[in-house]
Amino acid sequence: MPAPRNRAKPEVLRGLVDRVVFHNEENGFCILKVVPVGRQDMVSLIGKAPRVVAGEEFEARGVWEPNRDFGPQFKSDELKLRRPDSLSGIERYLGSGLIKGIGPAHAKRIVEKFGPKVFDIIENESKKLEDVEGVGKKRRIEIRESWMKQKSIHAIMLFLHQHGISSSRALRIYKTYGDEAQAVLKENPYRLAQDIRGIGFKTADDIAYQLGVAEDAPERIKAGILHVLESAAQNGHSYFPEAKSVEKALELLGSSDALIRTQIEALTANDQIERHGEFLYLPYLRAAEQSIAASVKSFAAVPAAYPPIDEDAALAWVMKKTGKELAESQQRAVREALRQRLLIITGGPGVGKTTILRSILLILQSKQVKLVLAAPTGRAAKRLSESTGLEAKTLHRLLEYQGEGQWGRHRGKPLVGDLFVIDEASMIDAPLMAQLLSALPEGAHLLIVGDADQLPSVGPGMVLHDLIASGAVPCVKLTEIFRQAASSRIITSAHAINRGQVPDLKPARGSDFFFLEAADAEEIRELIVQLVHTRLPAKYGFDPIRDIQVLTPMNRNLLGTASLNHSLQLALNPPNEMKFEIERFNSVFRVGDKVIQTHNNYDKEVFNGDIGHITAIDADPVKIHVRFDAERLVEYEPGELDELQLAYALTIHKSQGSEFPCVIIPVSTQHYVLLERSLIYTAITRAKKWCVLVGDEKALALAVSKQESRKRFTGLESLLQLET
């Protein structure tokens with residue numbers, strides 16, 4: 001048996017930070033060049049700190065480790081940093097770029113003037129800074145404001161880092177609460193989960209535990225109950241049964257039934273939740289469904305008010321203008337649209353929705369009706385614009401969303417237009433539909449277009465489904481597949497799946513729909529990478545990055561977006577010495593990568609679902625440049641990269657409203673929980689030219705037999721059916 005190796009003994013190293021080589025804001029990992037006390041030469045130090053500035057004094061506990069490329073490095077398991085005391089350290093600290101208005105030259109002059117009292121001068125007697133050459137009133141104010149801000153941020157970041165919060169989240173907390181951050185957290189850390197995106201109940205609960213909040217504290221129980229209802233909303237429910245809410249809160253909190261029911265009563269008394277019968281609502285969701293129902297009923301009570309139209313003449317004119325003969329079912333849809341103030345047109349692929357819509361718009365445009373077109377996402381709006389030849393906006397842009405739940409268009413400042421056309425309506429959740437309906441002007445008409453059999457909205461509600469099921473809204477349901485579409489196996493397979501049938505999977509010459517058998521998750525993943533990287537581009541000329549899109553049911557596991565994106569990125573855009581890359585939020589970004597925006601960002605004018613490509617990465621300072629289309633080149637700083645994800649593989653939910661030349665879909669029992677009919681149907685209907693399913697035929701059969709996405713607790717249908 002070999003003798004055990006001698007482990008290096010831990011030691012303590014002290015000195016001055018000369019340079020920050022690397023610092024990861026997310027996890028605090030840093031590589032520093034430091035000058036230890038008693039040494040003249042610089043050494044490398046590796047450790048973790050929430051923030052680090054050149055010139056700071058450090059104390060590190062750790063061991064020396066050999067490194068073939070860089071020589072000995074000090075690997076620290078405990079790193080403390082503080083403001084420097086020495087004049088050289090203070091000068092380096094101030095001149096590091098930390099404080100706006102002070103560069104190396106000004107730092108040198110300020111330190112020569114005030115010596116070790118410089119921090120006190122900046123904070124309490126900043127007027128004296130004007131005695132320094134090159135510092136006027138404007139620069140002096142800038143220096144003090146920057147210093148006070150950095151001091152607050154530093155204290156908060158240290159506090160949060162001690163409680164397990166990363167630096168990037170600490171900055172977000174500071175932006176939300178400002179100088180009150182520590183006070184807010186000490187008073188009620190559960191506010192984090194309510195106020196800040198990216199911080200959930202479990203993170204807030206961990207902080208609360210470290211701050212000594214008791215397990216049975218009322219604020220903890222209340223936060224847990226609200227978390228249960230918010231999680232239900234994230235899963236699409238508008239409300240949740242009280243019994244299920246108590247059950248899930250018990251699992252989450254480990255508390256007692258009595259304590260939970262007591263706090264439900266307290267939340268109800270404070271109007272933080274609403275009880276209706278056996279169900280609990282978050283108030284904003286109850287209000288949204290009530291608002292939709294009231295708006296729809298008022299629409300239904302008033303007839304259309306278009307200029308006089310001879311329907312027969314209009315139909316003859318539009319068929320001649322477009323050169324397309326409308327089938328009887330299509331003509332009936334056009335006639336209904338000219339007669340109704342509110343109408344839904346629904347149907348699957350290949351049933352002529354686009355042809356009908358174009359005909360309706362041409363007729364009304366000829367009568368000087370002011371048309372307004374919109375869709376839930378940027379890509380859906382772009383498709384609507386391309387198919388109609390008219391401008392189309394995202395709903396958020398149309399309604400002038402200003403962030404933080406504020407809208408520029410609402411009941412008090414309505415939109416302007418006569419007919420509002422909303423496409424891809426299956427994607428619209430209850431709060432967004434309520435906002436749209438409240439912003440429509442008096443006398444407006446509304447045409448809602450969508451496929452009710454697609455996945456329902458990511459957000460709460462099943463608005464399109466409930467509007468149709470209620471019978472309260474006039475609806476044209478299109479089922480006839482037209483000749484050209486009927487030749488596409490993509491379309492016929494999608495309709496078969498929608499009927500609960502497994503489509504014909506036998507290979508056929510000239511087909512645009514294929515099923516490739518693969519035994520397990522690893523084999524499926526390897527086959528997908530081959531298809532994207534070599535087989536489909538070589539045989540059919542597809543651009544592997546721009547034309548081919550992998551769509552998968554989930555984010556996790558071997559066939560989730562994270563794993564597939566990693567494998568596809570390695571194949572399509574591998575690392576090399578010529579490409580600068582940056583790692584943030586568990587993703588590596590390189591020039592040439594395909595990325596997707598995951599949140600609406602109105603300052604940058606990029607929206608959830610927008611797909612782009614990284615064109616450049618600047619090293620100093622770090623910035624990523626992403627081109628989303630011919631006109632939009634957007635810059636991201638490192639702390640903003642949680643808004644981007646690699647997009648070689650997307651979840652099927654993220655693909656809604658989009659079309660791609662070629663779509664590849666893994667079908668595996670690994671996705672058992674999420675496999676269901678609407679999911680597969682939605683994925684297949686994203687393909688324009690080519691669709692390939694890869695995986696297990698049994699998994700596909702399982703998916704086709706299930707309709708889990710339809711099982712949502714929503715109240716809109718019953719509200720619409722209530723007598724007013």
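The values are calculated or read from the model by the stated rules, or taken from the named source; none is laboratory data. Model, not experiment: these values are computed from the prediction. Cβ atoms come from the backbone with ideal geometry, glycine included; neighbour counts cover every protein chain shown. Note: areas computed on protein heavy atoms with side chains; ligands, DNA, RNA excluded. Shrake-Rupley method; radii C 1.70, N 1.55, O 1.52, S 1.80 Å.
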Distance (nanometres) between label positions extended 7 Å along Cα→Cβ at GLN210 and TYR284: 2.8 nm
Extension reserve of the ARG19-PHE119 stretch, reckoned as 0.36 nm per residue once the Cα distance is removed: 33.9 nm
Length added when fully stretched, LYS186-GLU581, from 0.36 nm per residue minus Cα-Cα: 138.3 nm
Carbon + sulfur, % of accessible area of the chain - ligands and nucleic acids excluded, 1.4 Å: 49 percent
Formal net charge of residues neighbouring ILE611 (Cβ-Cβ distance under 10 Å; K, R +1; D, E -1): +2
Cβ-placed point charges (K, R +1; D, E -1), dipole of the chain about Cα centre in debye, nearest 20: 1180 debye
With Cα atoms, 0 to 90° folded angle of helix 104-114 axis to the chain main axis: 50 degrees
Estimated FRET transfer efficiency when R0 is 51 angstrom, pair GLU637-GLU325 (beta carbons, to 0.05): 0.40
Tilt relative to the chain, helix 328-339 - C-alpha long axis, 0 to 90 degrees, to 10: 70 degrees
Probe 1.4 Å, accessible area per residue of segment 444-540, Å²: 47 Å²
Most to least packed among 596-603, 131-138, 455-462 [average Cβ atoms within 10 Å]: 455-462, 596-603, 131-138
Pairwise label distance in nanometres, ASN555 with ASP312, each label 7 Å out on the Cα-Cβ vector: 5.9 nm
Filter on LYS393/LYS477; LYS128/LYS623; LYS324/LYS698; LYS48/LYS175 - keep pairs with C-alpha separation over 31 Å: LYS128/LYS623; LYS324/LYS698
Residues of segment 651-694 with amide N under 12 Å of the 7 Å Cα→Cβ point at ASP504: none
Label-point separation, SER146 to SER86 (7 Å along Cα→Cβ), nm: 2.5 nm
Rounded FRET efficiency, nearest 0.05, which uses the C-beta distance separating THR262 from VAL588 and R0 of 56 Å: 0.70
Accessible area of segment 647-724 divided out per residue, in Å², using a probe of 1.4 angstrom: 36 Å²
Signed unit charges on C-beta, dipole axis of the chain, positive-most listed residue PHE542, LEU570, GLY62: PHE542
Helix-only CD estimate at 222 nm, as mean residue ellipticity for the chain, using -39500 (n - 2.57) per DSSP H run (n ≥ 4): -11500 deg cm²/dmol
Among THR354, VAL318, VAL296 - extreme Cα towards positive end, dipole of segment 270-396, charges at beta-carbon: VAL318
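When the chain is fully extended, how far beyond the present Cα-Cα distance does LYS33 get from GLN365, taking 0.36 nm per residue of separation? It would help to have the intermediate numbers written out before the result.
Numbers: separation 332, 0.36 × 332 = 119.52 nm, distance 6.84 nm.
Length gained, LYS33 through GLN365: 112.7 nm.
For segment 194-281, what is the accessible area per residue in Å², given a 1.4 Å probe and the full set of protein chains?
49 Å²
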By average C-beta atoms within 10 angstrom, highest first, the peptides 502-512, 271-281, 350-360, 607-617: 350-360, 607-617, 271-281, 502-512
